[in-house]
Amino acid sequence: MNIPINSKMRLLQAVFILLCSQSVFAQKVVRYELYVKDTLVNYAGKEKRAIAVNGQIPMPTLTFTEGDTAEIVVHNQLKESTSLHWHGVFLPNKEDGVPWLTQKPIEAGATYTYRFPIIQHGTHWYHSHSGLQEQIGMYGSFVMKKRDDDKTFRKGIDDLPTVPIILSEWTNLNPDNINRMLHNANDWAAIKKNATQSYAEAIREGNFKTKLTNEWKRMLAMDVSDVYYDKILINGNHTTDLKTVDGKTLKAGDKVRLRVSNGGASSYFWLRYAGGKITVVANDGNDVEPVEVDRLIIAVSETYDIVVTIPDDGVAYEFLATTEDRTQSASYFVGNGIKQLISPLPRLKYFEGMKMMNDMMKMNGDLDDMGMKMSLNQMDMNVVMYPEITGEAKPKEDHSQHNMNMDNEPNRYNANALGEIKTLNYAMLQSPYNTELPKDAPVKELKFTLTGNMNRYVWSMDNKILSETDKIPVKKGEILRITIYNNSMMRHPMHLHGFDFRVINGKGEKSPLKNVLDIMPMETDTIEFLANEEGDWFFHCHILYHMMSGMNRVFAVDDYQNPYLPNKKQAYNKLQRESNMPHFMAQNDFATNGNDGEAMFQNARWSLGTEWRLGYNDMHGYEVETHLGRYIGKMQWLMPFIGFDWRYRKMGMDEHETNLFGQKNEKDTRRAFSLGFMYTLPMLVNFQAEVYHDGIVRLSLMREDIPISKRLRAGFMVNTDMEYMGELKYIINKNIGIRTHYDSDMGFGVGLALTY
């Protein structure tokens, strides 16, 4: 049979297309169905609400091979909206999973499909980016394997048996309540952690002067973390035995690659292994030249691939994850046999940390670098608190000579120079490959200063929260070079969506690639990346409560038109509101001489507060004061306000009240508008000046929550109306205390103090 030439050509084209299509479709679609549903758990002695996916916490481990296509179907069976973000994954912007930035929230009862190609490999994780859902179960491992023919495949590393590990914390408190308590400077977490650093503790340890200096500089007590957690979990369990991998029993000489992700909401973890040193082979999903260390600290949202070796048969060696504040741990036993424990980390020397804070902090709230160049985690300011390196604290020991000598020591905060324990830092990380960016690409340089206010729990960049800033425009194809200085007293794990960045760490063309940069107080680091994918990309601190408080920015790469968000401006406004949500506080004392309390409704800048004092007779009367004010300045020590005072007190015919300035009030009932301001003085004393519409002036000094001992708090108030008050309160739990006080108007009283 003769086939026409045209037909032959068409046949060849069809065969070619068929072959090409088979090649395309060989890129396997890997599909996961995820059902998000409320559940109840009991991790720490109480049954509490959590969110499970496919009936489990953490969420299922999602595994792909580079070249696959991910198709992930989310069935939201909650009574609230949700979302999923693929942490560290390169994907189209519309699949990134940030509500009101890359998509609309997945509403209750709705089904939503994420679909994107897998174009990389490495250890990553995924989590909810909606509210505080990540804290209560919505986190899981996300692993992308190398292809067998990958040119970067490393024998002895990439062919090892692997185990995904995700670290997390659990609290029996509602995360919304935690967030509210943080904003209200509630120190219940410090009490639980035995980290209050009260006057009694300071005197007992010979650090009374240190405590006074701390408060003179208007600082609260030192701590390395914000939240107390009831339980630490590894893959959802407090203790786990790893006896087999891939069906093979572990024996002496075996090596295991642990793919570790920190899925915690706010906890850093020390990682240590009872079987000897650990070898770091990857970080944030990117290969690094193997580094052998004794321990490492994994920042919130970071991932590390580490290799551990089983030295002997008949022993299960503890892989221990300990919170940075050293209050909780979780164990993973590798091997078979008798459990070999690693020694627990000793309690932090808090007053040494407080002294460090005093040295660092200027009176205006800025940090003083003390002549040091801090970068790449090489200088750990918390090292002064580590007894395993600096020795145990000794009560009432004279440190004056020691500190003088240490002040002249250039490595006084370098853990690796001070002790024999080798701790990982970013300067040790080196890529096995050339990571240089195109030399002909234009460069856009940005500088950010990380700022914060621990007293009011406001976290910002350049003293602006997300709701006060626009998106940062970036041209596609530009290199973005960012210098970040941490001018706050907390460390911040800064995470970039959609890209890996080079960390400029002295390794030249082999600078490591990361997507999370943990930056310590006083530290300055530089990162850079090629903005080659258009879209609106989130850049934020990954401590969940810092992110929700405003430490965020958005890089807008070109004018990306997101099909899921046709009105981008409106959507961005909704995102901005989420980082400046108002919070409520109230307290009330039911006492024998009357009832007094206050309630406040605040966000990052504004405060609406009401105080009341209600007597049990006409002579004591009642008074209600309401103030609406705005906090000003980086440290927010100043708050101008407008106010209204409504007061009733039964006075005799010839009776009147005279203030310190000779101004008189002869009325039983007084209603007055006012203008004034409140300013925080050294020693955390609030000075308030107020002038009323009838010309009466009132000045006052006051302070609450003076930490006398671990649970005992004092307070006082004195004003020019010749009123005064002194109080003592014993804290029973986060909501209840016993209070006694003397009020110049209402006399002595004892009562039950309730706080919310």
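The numbers here are math on the coordinates, done by the rules we state, and not lab data. If you're wondering where the values come from, they're calculated on a predicted model, not measured in any experiment. Cβ placement follows ideal geometry from the backbone for every residue including glycine, while neighbour counts extend to all protein chains displayed.
Details
- Semi-axes of the equivalent ellipsoid for the stretch 25-142, Cα gyration tensor, largest first, Å: 25, 16, 12
- Pairs exceeding a 24 Å alpha-carbon distance, out of Lys373/Lys447; Lys447/Lys634; Lys243/Lys514; Lys94/Lys634; Lys155/Lys248: Lys243/Lys514; Lys94/Lys634.
- Rounded to 0.05, the FRET efficiency of the Glu723 and Lys476 pair, given R0 = 56 Å and the Cβ-Cβ distance, is 0.30.
- Those residues of the stretch 574-617 whose amide nitrogen sits under 17 Å from the label point placed on Met702, 7 Å along Cα→Cβ: 585-591, 594-602, 607-615
- Compared with the direct C-alpha span, the chain from Phe716 to Leu638 gains 26.1 nm at full extension, assuming 0.36 nm per residue.
- Nitroxide proxy distance, nm - points 7 Å out along Cα→Cβ at Val443 and Asp176: 4.8 nm
- Label-point separation, Ala252 to Ser343 (7 Å along Cα→Cβ), nm: 2.5 nm
- Net length available on complete extension from Val30 to Lys362 is 114.0 nm, with 0.36 nm assigned per residue and the Cα-Cα distance removed.
- Length gained when the stretch His656-Lys209 is fully extended (0.36 nm per residue, less Cα-Cα span): 156.5 nm
- For the pair the stretch 286-309 / the stretch 500-537, the C-alpha centres are spaced 17 Å from each other.
- Once the Cβ-Cβ distance of Gln561 and Glu47 is raised to the sixth power relative to R0 = 45 Å, the FRET efficiency obtained is 0.45.
- Degrees, to the nearest 10: 5-25 long Cα axis against longest axis of the chain: 40 degrees
- Debye, to nearest 20: dipole size of the chain, +1 on Lys, Arg Cβ, -1 on Asp, Glu Cβ: 1200 debye
- Taking the longest Cα principal axis of the chain as reference, the axis of helix 568-578 is set at about 50 degrees.
- Ellipsoid fit via the Cα gyration tensor, the stretch 443-578: semi-axes of 23, 22, 11 Å, each the root of five times an eigenvalue, largest first.
- Cα centroid of the stretch 335-368 to Cα centroid of the stretch 147-163, whole Å: 37 Å
- Whichever aspartates and glutamates have a C-alpha closer than 19 Å to that of Lys568, once near sequence neighbours (fewer than 8 apart) are set aside: Glu95, Asp96, Glu107, Glu468, Asp470, Glu533, Glu534, Asp536, Asp558, Asp559, Glu578
- Environment charge of Leu132, counting only residues whose C-beta is closer than 13 Å and scoring Lys/Arg +1, Asp/Glu -1: -3
- Virtual spin-label span in nm between Thr244 and Glu388, 7 Å along Cα→Cβ: 3.3 nm
- Cα-based reach from Lys193 at 22 Å (exclusive), listing lysines while leaving out same-chain residues under 8 positions away: Lys46, Lys48, Lys211, Lys231, Lys349, Lys355, Lys394, Lys710, Lys729, Lys734
- Peptide packing: for 602-610, 106-114, the average count of neighbouring Cβ atoms within 10 Å per residue gives the ranking 602-610, 106-114, highest mean first.
- Ranked for footprinting exposure by Cβ neighbours inside 10 Å, fewest first, His693, His87, His124 give His693, His124, His87.
- Least to most buried among Arg698, Arg204, Arg347 (fewest other Cβ within 10 Å first): Arg204, Arg347, Arg698
- Only helices enter the 222 nm calculation for the chain: every DSSP H run of n ≥ 4 contributes -39,500 (n - 2.57), and dividing by all residues gives -3500 deg cm²/dmol, rounded to 500.
- In terms of its C-alpha gyration tensor, the stretch 231-340 comes out oblate, because a/c is 1.5 or above while a/b does not outweigh b/c.
- Pairwise inverse Cα distances across the chain, averaged and inverted, put the Kirkwood hydrodynamic radius at 28.6 Å.
- Reachable lysines from Lys667, criterion Cα separation under 20 angstrom, eight or more residues apart if same chain: Lys650
- Computed E for Glu289/Ala599 - FRET, C-beta separation, R0 45 angstrom, nearest 0.05: 0.20
- 0 to 90° range, to nearest 10: angle between helix 350-360 axis and the chain longest Cα axis: 90 degrees
- Counting every other Cβ atom within 10 Å of each residue's Cβ, Val30, Val503 order from fewest to most as Val30, Val503.
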